[in-house]
1. Check A24 against each of (1) surrounded by 10 or more Cβ atoms within 10 Å (Cβ to Cβ); (2) modelled with pLDDT under 75 and name the one condition it does not meet.
2. For the condition within 14 Å of the chain's Cα centre (by Cα), at pLDDT 70 or above and not β-branched (V, I, T), what is the one hit in A19, A56, A34, A40?
Amino acid sequence: MWEHELYRLRHDDLVRTAATERRAREAVRGRRAARWGTSARGAEPESHTRRRSWFARAA
């Protein structure tokens, strides 16, 4: 019985930790979206807002 209680405590702790980390990621995503002027769950970017490629174009 004692092992089951320890398991439940550890499980509850992991669930709380995961929820906290998920909220932190959502907050970062929201700030990043606000900085770029788009919504966090908005539509796909428009064609004229494509980012520059990191690689040179082939000849």
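The values are calculated or read from the model by the stated rules, or taken from the named source; none is laboratory data. The shown structure was predicted, so the numbers you read here are calculated from the model rather than taken from an experiment. Please note: Cβ atoms are built from the backbone with ideal geometry, for glycine as well, and neighbour counts cover all protein chains shown. Just the protein is used for accessible areas: all its heavy atoms, side chains included, with ligands, DNA and RNA removed. Shrake-Rupley method; radii C 1.70, N 1.55, O 1.52, S 1.80 Å.
1. (2)
2. On the way: A56 fails: within 14 Å of the chain's Cα centre (by Cα); A34 fails: within 14 Å of the chain's Cα centre (by Cα); A40 fails: at pLDDT 70 or above.
One residue alone meets the criteria, A19.
Yes/no matrix, rows are residues, columns are (1) basic (K, R); (2) touching a strand residue (DSSP E or B) at 6+ places or on another chain (Cβ under 9 Å); (3) open to solvent by 100 Å² or more (accessible area, probe 1.4 Å):
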| residue | (1), (2), (3) |
| --- | --- |
| E3 | no, no, yes |
| L6 | no, no, no |
| D12 | no, no, no |
| R16 | yes, no, yes |
| T20 | no, no, no |
| R35 | yes, no, yes |
